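A.B. asks: Encoded as structure tokens, here's the structure I'll be asking about.
Throughout, read-outs are computed from the coordinates displayed, never taken from laboratory work. Small disclaimer: the values here were computed from a predicted structure and weren't measured. Here the Cβ is made from the backbone with ideal geometry for all residues, glycine too, and neighbour counts use every protein chain on show.
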């Protein structure tokens, strides 16, 4: 049932095939979108490269990493203390407070740069130890203290706003709404359908959201340039109430970009199914989006997701241990287009090869390998 060839593992059941990309295939193609929703896209520097980041500095500070944010905030405070401390030291130097200890100082107990730096830090942080204080002898020093107080309020507002915005970032909430690791193809009401699973891993429920899907292909041109093509994938249920996990279904019918694709085509096709779920957070009201992508290797023909919702006495129980678990189901080894063209098979017709009939669905014979055991009838998406 299972064979291993180099870095590629293939489990063949004669009515469906599990495709696991090895290092050979994985290095051959770069994904358009990573499984966690990130895009492996790097913008090359051009004239005015930093202009968009500087024009919207608040968004830039919200999007940078936490370690860079903390380093920037620490430097902003330390450099401001040093700058105003240097200004106080210059005022004291010009006024003669450093050279003449008998002179009435502009700032009490500031006779050098260390004292000026300490006074700057105490003023901006509103510590107020009571040892150093402003006098009425120097109007320039009074104006400088006023400017520093206003600047400290502005700096605190920026720091607090950016920290709060980063903590309430939509990307963090999006990590708690996840897609199944694979997509499956099976029969629903006699029609071949592609489906994947969507779930919210937090206790608070999302009551409204919109699911979307798009098929992305790329074509390499001479010279290394790449042209992207996008095709909308219509969904059967776009509006989702995510109180419980939901299956997002796409019917393989005329007009579908996957209509003429069969299980064997998944071995040679080169596309990426980009799926997303856009919703408003119930706690904050912020718009969020979760997304992932499926390659042909992530699509499993002839499987369905294991049931994970049960009804208890007082609650509906959701077993998230079954979120990525699939089980085999009888499905024709034909594309949806071939399935629609094929006539109803004659009763008692002889099956081909080692396949035997499981039954009929929508007038088509479904077959499987008679040597399949219960050990391979259930598996988890990897």
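A.B. asks: Under a plain spin-label model, where a point goes 7 Å from the Cα along Cα-to-Cβ, how far apart in nm are residue 264 and residue 109?
C.D. replies: Using points 7 Å along Cα→Cβ, the separation is 9.0 nm.
A.B. asks: Students often check this: by mean Cβ neighbours within 10 Å, which of 93-99, 68-74, 287-293 ranks highest, and how do the rest follow?
C.D. replies: Top of the packing list down: 287-293, 93-99, 68-74.
A.B. asks: Fewest first, what order do 193, 87, 106, 153 take by the number of other Cβ atoms within 10 Å?
C.D. replies: Ascending Cβ contact count within 10 Å gives the list 153, 87, 193, 106.
A.B. asks: Same structure again: Report the FRET efficiency, 1/(1 + (r/R0)^6), for residue 244 and residue 126, where r is their Cβ-Cβ distance and R0 is 45 Å, rounded to 0.05. It would help to have the intermediate numbers written out before the result.
C.D. replies: Working: r = 51 Å, r/R0 = 1.14.
The value I calculate is 0.30.
A.B. asks: Another question, if that's okay. Using a Förster distance of 56 Å, how high is the FRET efficiency between residue 76 and residue 334, based on the Cβ-Cβ distance and rounded to 0.05?
C.D. replies: 0.30
A.B. asks: Moving to a separate point now. Take every Cα pair under 8 Å in the stretch 54-170 that's 6+ residues apart, average their separations, divide by the length, and report that relative contact order as a whole percent.
C.D. replies: Relative contact order, the stretch 54-170: 25 percent.
A.B. asks: So if each residue of separation counts as 0.36 nm, and I subtract the Cα-Cα distance between residue 147 and residue 202, what length gain in nm does that give?
C.D. replies: Answer, rounded to one decimal: 15.1 nm.
A.B. asks: If you average 1/r across every pair of different Cα atoms in the stretch 54-170 and take the reciprocal, what Kirkwood value do you get, in Å?
C.D. replies: Working: mean 1/r = 0.0639 Å⁻¹.
Over the stretch 54-170, the inverse of the mean reciprocal pair distance is 15.7 Å.
A.B. asks: If packing is taken as the mean number of other Cβ atoms within 10 Å per residue, what is the order of 121-127, 238-244, highest first?
C.D. replies: Highest mean packing first, the order is 121-127, 238-244.
A.B. asks: Quick one: which of 333-341, 158-166 comes out on top by average Cβ neighbours within 10 Å, and what's the full order, highest first?
C.D. replies: Details: 333-341: 17.2, 158-166: 14.7.
With the highest mean Cβ count within 10 Å placed first, the list reads 333-341, 158-166.
A.B. asks: Could you compute how fast the stretch 198-258 diffuses translationally, taking Rh as the Kirkwood radius over C-alpha pairs and applying Stokes-Einstein at 10 °C with viscosity 1.306 mPa s? Give it in µm² per second.
C.D. replies: Answer from the Stokes-Einstein relation: 112 µm²/s.
A.B. asks: Of 308, 261, how do they rank once you tally other Cβ atoms within 10 Å and put the fewest first?
C.D. replies: In increasing order of surrounding Cβ atoms, one gets 308, 261.
A.B. asks: Here's another thing I want to ask about it. In nm, give the distance between the simple-model label positions of residue 59 and residue 319, each being 7 Å from the Cα along the Cα-to-Cβ direction.
C.D. replies: Inter-label distance under the simple model: 4.6 nm.
A.B. asks: Further, regarding this structure: Starting from the alpha-carbon convex hull of the stretch 170-328, give the projected area averaged over all orientations, in nm².
C.D. replies: Working: hull surface 45.8 nm².
So the mean shadow area of the Cα hull is 11.5 nm².
A.B. asks: Order of 100, 108 from fewest to most other C-beta atoms within 10 Å?
C.D. replies: 100, 108
A.B. asks: With r as the distance between the Cβ atoms of residue 168 and residue 83 and R0 = 35 Å, compute the FRET efficiency 1/(1 + (r/R0)^6) and round to 0.05. Display every interim value, and only then the final one.
C.D. replies: Values: r = 32 Å, r/R0 = 0.90.
It comes to 0.65.
A.B. asks: In addition: Starting from the Cα-Cα distance between residue 137 and residue 102, subtract it from 0.36 nm times their residue separation and give me the gain in nm to one decimal.
C.D. replies: Values: separation 35, 0.36 × 35 = 12.60 nm, distance 1.40 nm.
Taking residue 137 through residue 102 to full extension adds about 11.2 nm, to one decimal.
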